Amino acid sequence: GVDPSDASPDEGVVKDLPLIDEKAVEQLTEGLLSHYLPDLQRSKSALQELTQNQVVLLETLEQEISKFKECNSIPEIDALFSEAKHYHNKLVNIRNEMMMLHEKTTKLKVSGISI
């Protein structure tokens, strides 16, 4: 005899399964697709929009970064202006001294002392 312990646990189950109706599988697949496809398409368009927004954001950030790089030269410009101011003050002082000297020489000339 056949020992019952030799029998596969799946044996007999296959016989109980109904025949798979391909038409039913097709209809179920179409049903599932029609149920999930609109959501998937919406998700796809939302992702595309998000990607486009990220591209725009990255471009904007790159522009801002380049502006900041330009701003790094501002301290140099400030130094240049303060140097110009310093030299301007020197020139003003020299002019004032020359005017004083001119006044003194004019007074000396008026008082009859020739230089």
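Rg and Dmax, both from the Cα atoms of segment 59-115 and both in Å, are 24.3, 79.
Which lysines, on any chain, are close to K90 with Cα under 28 Å apart, when same-chain ones fewer than 8 places away are left out? Qualifying lysines at Cα under 28 Å: K104, K107. Taking Lys and Arg as +1 and Asp and Glu as -1, the other residues whose beta-carbon sits under 12 Å from that of N96 total 0. Over all Cα atoms in segment 16-80, the spread is summed up by Rg and Dmax: 27.9, 94 Å.
Counting Lys and Arg as +1 and Asp and Glu as -1, what is the net charge of the other residues whose Cβ lies under 15 Å from the Cβ of K69? With Lys, Arg at +1 and Asp, Glu at -1, the net is -3.
Coordinate-derived values only; no laboratory data. Keep in mind it's a predicted model, so treat the numbers as computed, not measured. When we count neighbours, we look across all protein chains shown, and the Cβ atoms used for this are built from the backbone with ideal geometry, even at glycine.
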